[in-house]
Amino acid sequence: MLKLENLVKIFNKDTVDESVLFEDFNLFVPKGQFVSVVGSNGSGKTTMLNLISGTMGIEGGRILLDDTDITVQKEFVRARRIGRVYQNPSMSTASQMTISENMAIAVNKNKPFNLSQGLKKSQIAEFRDLVSTLDLGLENKMDTLVGSLSGGQRQALTLLMATMTPIDLLLLDEHTAALDPRTSEKIMELTKSIVERTKITTLMVTHNLRFAVDYGNRILMMDKGKAVLDKAGSDKNAVKVQDLLEIFNTISIECGN
């Protein structure tokens, strides 16, 4: 469960460039819900993920994760319970390490560092079986450097690594935007499979309106730090791409475009 209570986010505070993005913003996401978040540039989509993950601080309000107040927690502390996949496939993996080594780092998340071996031979078979679920043939390339993988392969691995340990929240920050259409479809199907299997509460920011309509069980459209559309369940299933385009056009006209 994720709850944002009366969030306030101000950029360039106390300067001539001061800008208020969120003002008393509230959002409740029940446990296990998959929310697709859309909106134009500057609407607050990625900023919201940054506030939740701790990349940015807030000027007011509270952030609760499963009733635990994480508002003042450091980013690395929140990362123990929050997984995040970025737009750039290279941001969440170590390019000069192998697939097995990257997975060993991911599976040891939240464990204390010591002088024991990072990658154990007993883990390799387990990692291979896990990677085989991606259906990309990577189980035969466990000793391959991640930096030599394609963007789609790397993003699939990143998604898998983000969910290898128990987490309470998964943040997807335009995780298909840098991929070609065919690979994007593959990653979205993989996303759906992982979220349904693990039942992880998920927020997915995307510019792809069709993905927002086709995936998840709730859709949220944002504009200037406010929710201008919020549909869940059967109401969400009734939303069409054209409906979203009409709202975008209305917002654009109101902005003088």
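The values are calculated or read from the model by the stated rules, or taken from the named source; none is laboratory data. Model, not experiment: these values are computed from the prediction. Reconstructed Cβ throughout: ideal geometry from the backbone, glycine too, with neighbour counts over all protein chains shown. Heavy atoms of the whole protein, side chains included, go into the accessibility calculation; ligands, DNA and RNA do not. Shrake-Rupley method; radii C 1.70, N 1.55, O 1.52, S 1.80 Å.
Things to note:
- In this view, the solvent-accessible surface of residue 149, computed with a 1.4 Å probe and all protein chains in place, comes to about 20 Å².
- Cα gyration tensor, segment 95-248 - rounded (a/c under 1.5), prolate or oblate: prolate
- Computed label-point distance, nm, for sites residue 31 and residue 18 using a 7 Å Cα→Cβ extension: 4.1
- With a Förster radius of 25 Å applied to the beta-carbon distance between residue 226 and residue 196, the computed FRET efficiency rounds to 0.25.
- Cβ-placed point charges (K, R +1; D, E -1), dipole of the chain about Cα centre in debye, nearest 20: 780
- Of all DSSP bridge pairs formed entirely within the chain, close to 55 percent run antiparallel.
- Lysines whose Cα lies under 25 Å from that of residue 141, excluding same-chain neighbours fewer than 8 positions away: 109, 120, 121, 186, 192
- Most to least accessible of 101, 174 (protein chains only, probe 1.4 Å): 101, 174
- Per-selection Kirkwood Rh - segment 132-207 (Cα, Å, 1 d.p.): 13.0
- Annotation: amide H of residue 84 within the under-5 Å range of 171, sequence separation 5 or more or interchain, hydrogens built in the peptide plane.
- Accessible area of the chain divided out per residue, in Å², using a probe of 1.4 angstrom: 50
- Summarising the label geometry, the points placed 7 Å from Cα in the beta-carbon direction at residue 91 and residue 182 lie 2.7 nm from one another.
- Portion, in percent, of the accessible area of the chain that falls on carbon or sulfur, probe 1.4 Å: 50
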